[in-house]
Amino acid sequence: METISPIKITAIINPFSGLSNKAGIEQKISQVFQQPEYNLTIAKTEEAGHATVLSKNAVNANQDIVIAIGGDGTMNEVASGLIGSHVKMGIISMGSGNGFARHLGLHLSVTKSLELVKIGHSVVIDSCTVNNIPFVNIAGIGFDAKVAYTTKLNKKRGLWPYVKESIKGAINAIPVGAICCINDRCFIGDYKTMVIANASLYGFKFSIAPLASLQDGNLDIMLYKEDKLWKYLLDLPKFITGKLHKSKLVDHYKSEEFKITLKEPNYLHLDGEGRKIDAGDYLFRVLPNSLKVIVDPNNCSNL
């Protein structure tokens, strides 16, 4: 009789992400992936960047699936270790915003998400880099990146702290002066923020790049021109209706590459994780068909 090898799974849990209570999550995972059908390893992150180390170790150990349990930052770190490999990435969304999972059409229920991982239906999507640093959802320089940075420093998480920081940031935002190069065309501009998107959603269903696709081999570049605050406030409904690309305040481009030369230090976020950056060159690139992600087979037609 032929022996069927168990499916090898590593579950990476970020115990510090988001608002969700992760008590009992290990038990739930263990109940779903019982032996002898599965060979399950559970690991917890201990510091920033640890999830990437764990996911790279899983690739080297020839695992079949790596499950990321946390928010968009956790997804970023896990995906960073899986890009270009044979390993499928499963997602259990337990962050505060969960923009990447929402774009993929995934359930936010832990039980339903675990069942999807068990089904194992995967698609191949694009990933991206800036100066060779990976991201999978959305990156930005300027106002939104500063909000991501200051929100991260706030112990309170969720929609309301994010909205408060956004309002405060919008009032005090300093324009980003930059030289931008897209498709061999370069131009100088001052922008409220510059969004470089692989997928469409920030957390909380805010659609920042409505036309973005994870499978089109392009970055969606949304350049928000400097203007009066009240004009931005009038555009707020477009974040919900998916029409922000039609705003007169936005220049929208699609390209495989996008180069920004900053005149002054600023802020950068990658999948919602903000950081301070120096003046200089930042080259964004798309990596087509570089990451396998487990999705809902009944809800994956609009990736």
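The table below gives the values:
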item	result
Cβ-derived FRET efficiency at R0 25 Å, GLN31 paired with ASN60, nearest 0.05	0.35
Karplus (6.51, -1.76, 1.60) ³J(HN,Hα), θ = phi - 60°, over the stretch 83-99, in Hz, Gly and Pro reported as x	4, x, 9, 7, 7, 7, 9, x, 10, 10, 7, 9, x, 8, x, 6, x
Solvent-accessible heavy-atom area per residue, rounded to whole Å², over the chain at 1.4 Å	48
With all protein chains modelled, accessible area of LEU249 [1.4 Å, Å²]	20
With DNA, RNA and ligands ignored, accessible area of HIS107 (1.4 Å probe; Å², nearest 10)	60
Alpha-carbon radius of gyration plus Dmax, which is the widest Cα pair, for the stretch 94-145 in Å	13.9, 40
Longest to shortest principal axis, alpha-carbon extents of the stretch 195-303, angstrom	44, 33, 23
Shape box of the stretch 25-83 [Cα atoms, principal axes, largest first, Å]	31, 24, 16
Rule-of-thumb Rg ratio for the chain [Cα; 2.2 N^0.38 Å; N residues]	1.00
Pairwise label distance in nanometres, ASN302 with ASN289, each label 7 Å out on the Cα-Cβ vector	2.6
C-alpha long axis of helix 72-82 to longest principal axis of the chain, angle in °	60
Signed unit charges on C-beta, dipole axis of the chain, positive-most listed residue ALA197, HIS50, ILE12	ALA197
Helix 50-60 axis, angle to the chain major axis (alpha carbon atoms, nearest 10°)	50
Subset of LYS8/LYS28; LYS28/LYS118; LYS88/LYS276; LYS28/LYS112 violating a 20 Å alpha-carbon distance limit	LYS88/LYS276
Nearest-10 value in Å² for the accessible area of ILE240, using the 1.4 Å probe	110
Sequence of CYS181, CYS186 from largest to smallest accessible area, 1.4 Å probe	CYS186, CYS181
Integer Hz, Karplus 6.51/-1.76/1.60 couplings in order for the stretch 292-303, x for Gly and Pro	8, 10, 7, 10, 7, x, 9, 8, 9, 8, 10, 6
Carbon + sulfur, % of accessible area of the chain - ligands and nucleic acids excluded, 1.4 Å	52
Over the chain: helical MRE at 222 nm, DSSP H runs n ≥ 4 each giving -39500 (n - 2.57), nearest 500	-8000 deg cm²/dmol
Residue-count net charge about VAL286 - beta-carbon cut-off 12 Å; Lys, Arg +1, Asp, Glu -1	-3
Extension gain, LYS243 back to ARG185 (0.36 nm per residue minus Cα-Cα distance, nm)	18.3 nm
On Cα atoms only, tilt of 229-241 relative to the major axis of the chain in degrees	30
Sequence-distant aspartates and glutamates (8 or more away, or on other chains) whose Cα lies within less than 17 Å of LYS243	ASP220, ASP235, ASP251
Cysteines without a disulfide-compatible neighbour (Cβ-Cβ under 4.7 Å), the chain	CYS128, CYS180, CYS300
Potential lengthening between LEU229 and HIS252 on full extension [0.36 nm per residue; Cα-Cα distance subtracted]	6.3 nm
Pairwise FRET efficiency - LYS118 versus SER5, Cβ, R0 = 25 Å, nearest 0.05	0.90
Cα-based Rg / Dmax (Å) for the stretch 259-298	15.3, 47
Dimensionless Rg ratio for the stretch 1-116, taking C-alpha atoms and the 2.2 N^0.38 Å reference	1.02
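The values are calculated or read from the model by the stated rules, or taken from the named source; none is laboratory data. Here the structure is a predicted model, which is why all the values come from computation and not from measurement. Neighbour counts run over all protein chains shown; Cβ positions are idealised from the backbone, glycine included. Accessible surface areas use protein heavy atoms only, side chains included; no ligands, DNA or RNA. Shrake-Rupley method; radii C 1.70, N 1.55, O 1.52, S 1.80 Å.
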